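Remarks on the structure that follows.
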Ligand code: IMP
């Protein structure tokens with residue numbers, strides 16, 4: 001769906017579909033430069049990273065593999081609890097692999113720092129992070145990001161995989177959600 005399809009629910013556009021394509025192409029060129037000849041394992045964090053993974057993986061011109069991890073998420077709240085629980089673990093061994101964690105957004109960075117520690121203990125040869133979006137709070141916990149699409153304002157955004165209460169994931173761009181939506185509940 002497009003911004004026109006959810007008029008009133010989105011107060012401002014943060015990243016357009018065109019900007020997303022450009023950002024992912026830029027990230028892909030950097031990944032190709034760093035991992036040429038290494039067949040990285042791209043690990044997506046469900047469900048938010050589905051769109052980023054689909055488009056970033058297709059933009060890449062080097063061989064790669066894909067795996068998924070599901071961890072507990074926000075639920076209906078718009079604040080991170082800091083509690084990370086594995087809902088679906090990886091199918092692939094990380095032993096000797098060049099891993100790239102593919103994220104939609106790094107907010108507090110709590111999920112990411114937990115994942116980095118968890119994956120490091122599984123014998124990965126190298127660990128990198130690619131995220132389409134980063135919020136300013138992420139700087140506070142000093143999470144290392146190797147490939148970044150866009151820094152965005154500290155507001156609750158939806159679209160391109162990001163949801164509120166499972167809605168808006170299928171929006172083509174990313175926008176700030178009208179606070180009236182989470183006050184009312186749907
Ligand atoms: P963290 O705060 O960096 O641990 O972010 C954990 C997860 O919260 C992300 O992977 C997203 O799924 C979700 N999240 C963070 N900020 C937003 C937002 O603005 N909109 C929707 N989901 C978000």
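Any read-out appearing in this document is the output of simple, stated calculations on the displayed coordinates, not a laboratory observation. Everything numeric in this text was worked out from a predicted model, so none of it was measured. For neighbour counting, all protein chains shown are included, and Cβ atoms are generated from backbone atoms with ideal geometry for every residue, glycine included.
Overview of values
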item	result
Full-stretch length increase - residue 21, residue 67 - with 0.36 nm per residue and alpha-carbon distance subtracted	14.4 nm
Over region 16-65 - Rg/Rh using Cα atoms and the Kirkwood inverse-distance radius	0.97
Segment residue 93-residue 183, extension gain: residue separation times 0.36 nm, minus the distance between their alpha carbons	28.1 nm
Diffusion constant of the chain at 4 °C, which comes from Stokes-Einstein with the Kirkwood Cα-pair radius and 1.567 mPa s, µm²/s	77 µm²/s
Cα gyration tensor shape of region 85-184, rounded if a/c is under 1.5, else prolate or oblate by comparing a/b with b/c	prolate
Ranked packing of 140-147, 104-111, most packed first, by mean Cβ within 10 Å	104-111, 140-147
Separation of the residue 36 and residue 54 label points, Cα + 7 Å toward Cβ, nm	3.1 nm
